[in-house]
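**Q** If you scroll down you'll find the structure; I have some questions about it.
No value in this document is a laboratory result; all are computed from the given coordinates. Every value quoted in this text rests on a predicted model; they were computed, and no experiment measured them. Neighbour counts run over all protein chains shown; Cβ positions are idealised from the backbone, glycine included.
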Amino acid sequence: MPEISRDEVAHLADLARIDLTAEELDHLAPQLSVILESVASISGVAGADVPPTSHALPLTNVFRDDVVTPSLTPEQALSGAPEVESQRFSVPRILGDEQ
């Protein structure tokens with residue numbers, strides 16, 4: 001069974017910027033190990049003669065043709081923005097220098 005350690009869960013939570021308590025880390029580590037075991041068991045079911053698929057039924061592209069139509073000017077699009085910088089929306093930085 002693939003095991004996920006408490007430290008690995010803490011690392012994943014840090015990457016996802018999720019603050020977990022020590023009790024939550026202890027609770028989640030075995031649950032994530034069960035999930036990994038389930039995925040591994042499914043991977044072992046398909047034989048070499050079964051082609052990989054993303055859907056059980058064939059899909060048809062339902063997208064419309066890409067046609068150029070009139071749209072907003074940059075000034076119109078940015079007119080309601082709280083902050084603008086170099087004709088772009090200015091948003092707060094979410095990643096620090098550590099990433």
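**Q** Which of THR53, THR69, THR21 moves most in a GNM of the chain, Cα contacts under 10 Å?
**A** Of the options given, THR69 has the highest mean-square fluctuation.
**Q** Right, something else. Towards the positive end of the charge dipole of the chain, with charges on Cβ (+1 Lys, Arg; -1 Asp, Glu), say which of ALA13, ASN61, LEU36 has the farthest Cα.
**A** ASN61
**Q** What is the gain in length, in nm to one decimal, between ARG6 and LEU32 on full extension, counting 0.36 nm per residue of separation less the C-alpha to C-alpha distance? Let's see the in-between values first.
**A** Numbers: separation 26, 0.36 × 26 = 9.36 nm, distance 1.02 nm.
The ARG6-LEU32 span can extend by a further 8.3 nm.
**Q** On full extension of the chain, what length is gained from ALA56 through ALA81, given 0.36 nm per residue of separation minus the C-alpha to C-alpha distance?
**A** This chain segment gains 4.7 nm when fully extended.
**Q** Over the chain, what is the mean sequence separation of C-alpha contacts under 8 Å (at least six apart), divided by residue count, expressed as relative contact order in percent?
**A** 19 percent
**Q** Also, quick follow-up: Between ARG64 and GLU23, what is the spin-label point distance in nm, taking each point 7 Å from the Cα along the Cα→C-beta axis?
**A** In this crude spin-label approximation the distance works out to 5.3 nm.
**Q** A follow-up question, please. Relative contact order of segment 1-52, please, whole-number percent, based on alpha carbon pairs below 8 angstrom and at least 6 residues apart.
**A** Reported as a whole number, the value is 46 percent.
**Q** While we're looking at this one, here's another question. For the chain, what Kirkwood radius comes out of the mean inverse Cα-Cα distance, in Å?
**A** Final number for the Kirkwood radius of the chain is 19.7 Å.
**Q** Could you give the size of the charge dipole of the chain about its Cα centre, using +1 on the Cβ of each K and R and -1 on the Cβ of each D and E, expressed in debye and rounded to the nearest 20?
**A** The calculation lands at about 480 debye.
**Q** A further question follows. Under 5 Å between amide hydrogens, which residues at least 5 positions from ILE4 or on another chain qualify, with H placed 1.01 Å from N in the peptide plane?
**A** Under 5 Å from the amide H of ILE4: SER33.
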